[in-house]
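The values are calculated or read from the model by the stated rules, or taken from the named source; none is laboratory data. Since this is a predicted model, take the numbers as computed values, not measurements. Cβ: placed from backbone, ideal geometry, glycine included. Neighbour counts: every protein chain shown. What goes into the accessible areas is simple: the full protein's heavy atoms, side chains included, and nothing from ligands, DNA or RNA. Shrake-Rupley method; radii C 1.70, N 1.55, O 1.52, S 1.80 Å.
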Amino acid sequence: MADNLAIVGLGPSNVNLVAQLVEQTRTLEQLSGSPLPPKTLYLIDHEGNHGTGKAWGRHAHPSMLFSHTVGGFSDGFTDWLKNSEDAWMPKVEAHHDGALKTWFEQNADALAQKDYGKVHFPRFTYGMFMKEKLYDALQGLPKSLSVVMLDGKVTGVGANELGNELAFEKPATEVTLVKDSDGVISVQPKEGTTLTSLTVDMDVIGVGPPEPKPFVAMQGNRDYFHNPTELHSTREGDNFAGQFKQAVMEKYKESGQKVEVGILGAGLSFLDMVNLIYNDKELKEAVSLSSISSTGYTRTVQEAAEGKQKDMAPESQAALNGMDVRFIAAKVEDLQPATDGAGITVKTSDKHLDEADVKYRDGARSDKREHTFDIVVQAIGFGKWKEQGVFKSGYNAGVFKEDTTIRALNIDTEQKIAPTHYINGFVAEKVIGDAIARRGLESQGFLNNVYRNSPVLAANIMRGMYSEQIQNIGENLQGSISQQPELERFGKAEAKTQEKVV
Ligand SMILES: Cc1cc2nc3c(=O)[nH]c(=O)nc-3n(C[C@H](O)[C@H](O)[C@H](O)COP(=O)(O)OP(=O)(O)OC[C@H]3O[C@@H](n4cnc5c(N)ncnc54)[C@H](O)[C@@H]3O)c2cc1C
């Protein structure tokens, strides 16, 4: 029976899970009638992302928006928007004439009518909601449950004779969530344990999308930003948007010329960059923007330009239409510091454009194979799970296996990737979607699916932590029921009311 559990990553997926684990432990304590054995939850994240995740936390610039409207959410977000205007409204109002100028203009009616479901909200508001969810879950914990929150990046997952061993990049230190008198919740240091590694009985890995691989020759290059999907550059401190603006403005002031910014990619992260630049007067003035992608457009951008994108934020569309972006249709092969020492050269190929039936943006094919920019931002999707971070280490250590039929991480229907390792969130997206479908529920988008699946994942984990107690309750109730109770049904997720088939 597991006495402790490490939860690696505290983005939306694992915040919902923690809330469920706490709730189910409380219910079990009540049902047991006697104290439960003590358990410890280690909650681990880094870069101050505790409770928010990468896309919604401190690296999410106010101009960065949800890629969809938020009306379909049943995880409490839309209610929170209505009930917590005092919390989020001043934060968005602070950017009324700046980063959110276009947002306020385009959403004037919906905001006036408080029809928040129709709006592509700034992503940081979801981070505020999530952090509050985590904070609330950790107040008044069940007696048997201790929580240790750690600030540390897990770099390795392996095994030792005592259990699952997690290695940290730097010693992990204890932190806590603190709410100030204005209700703002922040991650604060706490006196306590410092750990170079942690051995636990079970873990749940929910670290979000795998990072794309950085270009080797660019490591440490101050003009290279890897990347807005990770929302940080190679430099320590500050946030991505702040570092990007500083780099642009330094060059602009020095040369008096527009700064050539090349974005690798033309998808949602490219739109983040467009919103960021367009809504900042100084940046808009200083930047000449190019985007390199294999066809010179993606569906997102092309449909947006044609006004066809179903769920395109009107403010992103306005920003895109308001900027003179040079689109280049080419595949990126490599990046090198420019030979004259100023800027970065992007080496490209475009043979794929000669293939039959390949469509590319008119005028986007270039004669040049090399394009030099003052600053390059890598915004090319996500990386491969086997190539980066915790999954790579677990795979190399033989802990995690590959499902060779689909060339993906091998995840079973209980979200296990190995006997005592669970996975949650982005990498398990398909398994979570299938679980929702098995229960007869319609998919309502990834974030909602993660929320609606959290009671079930929590119940699976609870069986590994409290098997005896769950069995005892089952035996005490024998006669009226022949099966063990399904703990997820005691959880408070709305899945209860929506379930069509059990
Ligand atoms: C720029 C961007 C925009 C997005 N926009 C949307 C959107 O509009 N709508 C949508 O549905 N989805 C969006 N997504 C997808 C998004 O990843 C998921 O919606 C959601 O955030 C996934 O939740 P998660 O908890 O699985 O992962 P994340 O939110 O990514 O959280 C993972 C957490 O793990 C932490 N972590 C990572 N590695 C380690 C490690 N080695 N050690 C310790 N902690 C670690 C991170 O700091 C992070 O806090 C976006 C993603 C990005 C990157």
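Summary of computed values
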quantity: Heavy-atom accessible area ranking, 1.4 Å probe, most first, across 52, 40; calculated: 40, 52
quantity: Inter-label distance for residue 186 and residue 333, nm, one decimal - labels placed 7 Å from Cα along Cα-to-Cβ; calculated: 4.9
quantity: Whole-percent pair-distance distribution, where bins are 10 Å wide, for the alpha carbons of the chain; calculated: 4, 18, 27, 26, 17, 7, 2, 0, 0
quantity: Amide proton proximity set for residue 149, modelled H, under 5 Å, gap of 5+; calculated: 43, 175
quantity: Taking the chain and dividing mean pair separation by its residue count, relative contact order in percent (alpha carbons under 8 Å, at least six apart); calculated: 19
quantity: Spacing of the two label points (7 Å from each Cα toward its C-beta) at residue 367 and residue 199, in nm; calculated: 6.7
quantity: Helix axis angle, 268-278 relative to the chain longest principal axis, alpha carbon, degrees; calculated: 60
quantity: Relative contact order, percent, the range 81-206 [alpha-carbon distance under 8 Å, six or more residues apart]; calculated: 18
quantity: Within the accessible area of the chain (1.4 Å probe), percent carbon and sulfur; calculated: 47
quantity: In degrees, nearest ten, helix 467-476 long axis to first principal axis of the chain (Cα); calculated: 50
quantity: 5 angstrom amide H check on residue 401, placed H, neighbours 5+ away; calculated: 410
quantity: Theoretical ellipticity at 222 nm over the chain - DSSP helices of four or more residues, -39500 (n - 2.57) apiece, nearest 500; calculated: -9500 deg cm²/dmol
quantity: Antiparallel DSSP beta bridges within the chain, percent to nearest 5; calculated: 50
quantity: Solvent-accessible heavy-atom area per residue, rounded to whole Å², over the range 376-478 at 1.4 Å; calculated: 45
